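The values are calculated or read from the model by the stated rules, or taken from the named source; none is laboratory data. Note that the coordinates shown come from a computational prediction; the quantities given were computed from them, not determined experimentally. Note: ideal-geometry Cβ built from the backbone for every residue, glycine included; neighbour counts use all protein chains shown. Just the protein is used for accessible areas: all its heavy atoms, side chains included, with ligands, DNA and RNA removed. Shrake-Rupley method; radii C 1.70, N 1.55, O 1.52, S 1.80 Å.
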Amino acid sequence: MHLLLTGGAVFLNGGFQPLDVAVSEGRIVSVSPNLPRGGASVIELHNALVVPGFVDVHVHLRQPGFSYKETVASGTAAAAAGGYTSLCAMPNLNPVPDSLECLQPELDIIGRDARVHVHPYGAISQGEKGEELADLAALAPYVPGFSDDGRGVQSQEMMRRAMLLARELDRPIVAHCEDESLLSKGWCVHDGEFARRHGLPGNNPASEWKQVERDIQLVRETGCRYHICHISTKESVALVRSAKAEGLPVTCETGPHYLVLCDEELQDDGRFKMNPPIRSAADRDALVAGLLDGTIDCIATDHAPHSAEEKAQGLRGSLNGVVGLECAFPVLYTELVKPGNIPLEIILNALCVNPRRIFRLPGGHIEAGQPADLTVLSLDHSGVVDPRTFRSLGRATPFAGRHVDAAVCMTLVGGKIAFPERLEPSSSGTIGIIQGFDCPEGGRA
């Protein structure tokens, strides 16, 4: 299908320009004002924004092994609804993708069911147990990097060996940083005022930043590309900032919930339970500052669905993990951009541009020849985050009930409309209309 997106503002060279975008055979063929309509299926955008498709480098699709929590089909439908065109899928699955043989079932499911591009990580260690290295060499051609997400690699020597081999294979180590020797038994929240006031066991922030500190020293020794998952502490931000100033190949991500919330806003509800936990206001402010100055490269949701039963045991008993694909952008815009705390361009770079640069994924620029992986946004859409409408099987989000002022209106993946399932009908010969300030049904948060 030859598509023409017209009447929108295109994210180009760090700003927005009123341009049309023509798409054919999965690629952008032209970006220019007033492109001809002849032979095209036209979508009227009416002041909506056209940006490169979002990339989430930290998603749990749960399949194979845990399809009662999420499937590749449901998780990628959620991704499309949230404006994501590419995902990097974490390896805490069954089987763990620690060899090509164990990766193949995941690749088969992705090829059959995925509605967006999915790039599966390989494990760092066999079974993610931290004892023996996975078959990194065999996995390397099929994965964007190696991770044992869900557990930190406890052995310094094991991490050194992994980094040396990953550097040789030209793949990054994607590290969940958590020193288990510094964790309180049964922790369920940040070790802060909320924990003390409610008598709850807290998670010591040093359990994160001490392992970040250890690994940065290993990067100095090995030269390995190194990406830190879901940083949550002010100390981690300072360590990454210093490592970048030193010229080390260190990058990192944080999540929307760490940028927006602090532990003073916790409720005794499983939708507030994740690892690392939501931390103090000082940590949150340091993360915002790190995003502003370029210390933090990416915003990743750590979308981690569980069943309703697994999230129904409050802060003490619920499993760690919240969902975020379908509400990330509306929340980020409403809570950070609209009040003037973070420019929209920085949020978009963290969602669209930097993830592709770090993990060497195609796209990220709206220009002729690039893949037609595009997201259309409305920035004046009043709505509420309602997990009951999620396509994900997971419903646990700390943003449930939150008012939002933006929405994802359309997602193109390889030039095909992945979201919404239908467009508003038009009487003018176009195949659909997307109002930049009145998002169609199905485009709500």
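Using the 2.2 N^0.38 Å rule of thumb for compact globular proteins, work out how region 201-301 stacks up: its C-alpha Rg over that value, please. Ratio of Cα Rg to 2.2 N^0.38 Å: 1.06. The fraction of accessible area contributed by carbon and sulfur in region 62-175 is 46 percent, rounded to a whole number (1.4 Å probe; ligands and nucleic acids excluded).
The mean sequence separation of alpha-carbon pairs under 8 Å and at least six residues apart, normalised by the residue count of region 338-430, gives a relative contact order of 24 percent.
Taking amide H atoms as placed 1.01 Å from N in the peptide plane, the amide H of VAL189 lies under 5 Å from those of ASN203, each 5 or more residues away in sequence or on another chain.
How large is the helix-only mean residue ellipticity at 222 nm for the chain, computed as the sum of -39500 (n - 2.57) over DSSP H runs with n ≥ 4, divided by its residue count, in deg cm²/dmol to the nearest 500? Don't skip to the end; give the middle numbers.
Working: 13 runs with 114 residues, N = 445.
Calculated at 222 nm, the ellipticity per residue is -7000 deg cm²/dmol.
Counting only DSSP beta bridges whose two residues both lie in the chain, roughly 50 percent are antiparallel.
In the context of the full set of protein chains, the chain has a per residue accessible area of 36 Å² (1.4 Å probe).
Straightening the chain between GLU101 and GLN217 buys 38.4 nm, computed as 0.36 nm per residue apart minus the Cα-Cα spacing. Tell me, how many Å apart are the Cα centres for region 191-268 and for region 281-314? Centre-to-centre (Cα) distance: 11 Å.
Put a dot 7 Å past the Cα of HIS198, heading toward its Cβ, do the same for ASP170, and the two dots end up 4.8 nm apart. For the options PHE66, PHE272, PHE329, a Gaussian network treatment of the chain with springs between C-alpha atoms closer than 10 Å singles out PHE66 as fluctuating the most.
For region 228-286, the spherically averaged projection of the C-alpha convex hull amounts to 4.0 nm².
Computed from backbone phi, the HN-Hα couplings of region 248-258 come to 6, x, 10, 10, 7, 9, 9, x, x, 5, 6 Hz, rounded to whole numbers (Karplus: 6.51 cos²θ - 1.76 cosθ + 1.60, θ = phi - 60°; Gly and Pro given as x). For region 162-236, the fraction of alpha-carbon pairs lying more than 14 Å apart is 63 percent, rounded to a whole number.
Semi-axes of the equivalent ellipsoid for region 306-425, computed as √(5λ) from the eigenvalues of its C-alpha gyration tensor and ordered from largest down, come to 27, 17, 17 Å. Measuring nothing but alpha carbons in region 294-338 and taking Rh as the Kirkwood radius, the Rg to Rh ratio lands at 1.09. For region 1-66, the Kirkwood estimate of hydrodynamic radius, built from reciprocal distances between every pair of different alpha carbons, is 13.5 Å. Note on the chain: with a GNM built from Cα contacts shorter than 10 Å, the maximum mean-square fluctuation among ALA418, ALA372, ALA140 falls on ALA140. Taking θ as phi - 60° and the Karplus parameters 6.51, -1.76 and 1.60, the scalar couplings of region 354-361 work out to 4, x, 5, 4, 5, 9, 6, 9 Hz in sequence order, x denoting glycine and proline. Per-residue 3J(HN,Hα) values for region 17-29, derived from phi via the Karplus relation 6.51 cos²θ - 1.76 cosθ + 1.60 with θ = phi - 60°, read 10, x, 9, 8, 10, 9, 10, 8, 6, x, 10, 6, 10 Hz in sequence order (x marks Gly and Pro). Cross-link reach is defined here as a Cα-Cα straight distance under 18 Å, omitting same-chain residues fewer than 8 places apart; for LYS416 the aspartates and glutamates meeting it are ASP20, GLU25, GLU44, ASP113, GLU367, ASP373, GLU424. In this calculation the C-beta distance from ARG37 to ALA138 is compared with R0 = 41 Å, giving a FRET efficiency of 0.25.
For the residue pairs LYS129/LYS311; LYS69/LYS185; LYS185/LYS338; LYS210/LYS338, alpha carbon separations beyond 31 Å are given by LYS185/LYS338; LYS210/LYS338. Counting residues in region 76-117 as N, plug N into 2.2 N^0.38 Å and put the Cα Rg over that result. Compared with the compact-globule rule of thumb, region 76-117 sits at 1.24. To the nearest 10, the accessible area of THR6 is 10 Å² with a 1.4 Å probe. Remark on THR251: its backbone amide H falls under 5 Å from those of TYR226, HIS227, ILE228, a criterion applied only to residues 5 or more positions apart or on other chains, H modelled at 1.01 Å from N.
Taking a quarter of the surface of the Cα convex hull of region 77-205 gives a mean projected area of 9.8 nm². Counting every alpha-carbon pair across region 312-359, the share separated by more than 13 Å comes to 67%. Once region 258-363 is represented by equal point scatterers at the alpha-carbon sites, with solvent omitted, what log10 I(q)/I(0) does the Debye formula produce at q = 0.11, 0.14 Å⁻¹? Evaluating at q = 0.11, 0.14 Å⁻¹ gives log10 I(q)/I(0) of -0.39, -0.62.
From the C-alpha gyration tensor of region 1-114, pull out the three semi-axes of the equivalent ellipsoid (sqrt of 5λ each), sorted largest to smallest, in whole Å.
36, 14, 12
Between ARG316 and LYS416, the modelled label-to-label distance comes to 4.9 nm, taking each label 7 Å out from Cα in the direction of the beta carbon.
Of all accessible surface on region 206-271 at a 1.4 Å probe, what whole percent is carbon and sulfur? Ligands and nucleic acids excluded, carbon and sulfur give 48 percent. Panel note: the C-alpha atoms of region 96-155, placed on their principal axes, show extents of 37, 21, 16 Å (largest first).
Taking Rh as the Kirkwood radius computed over C-alpha pairs, what is the Stokes-Einstein D of region 198-245 at 20 °C in a medium of viscosity 1.002 mPa s, expressed in µm² per second? The calculation lands on 183 µm²/s.
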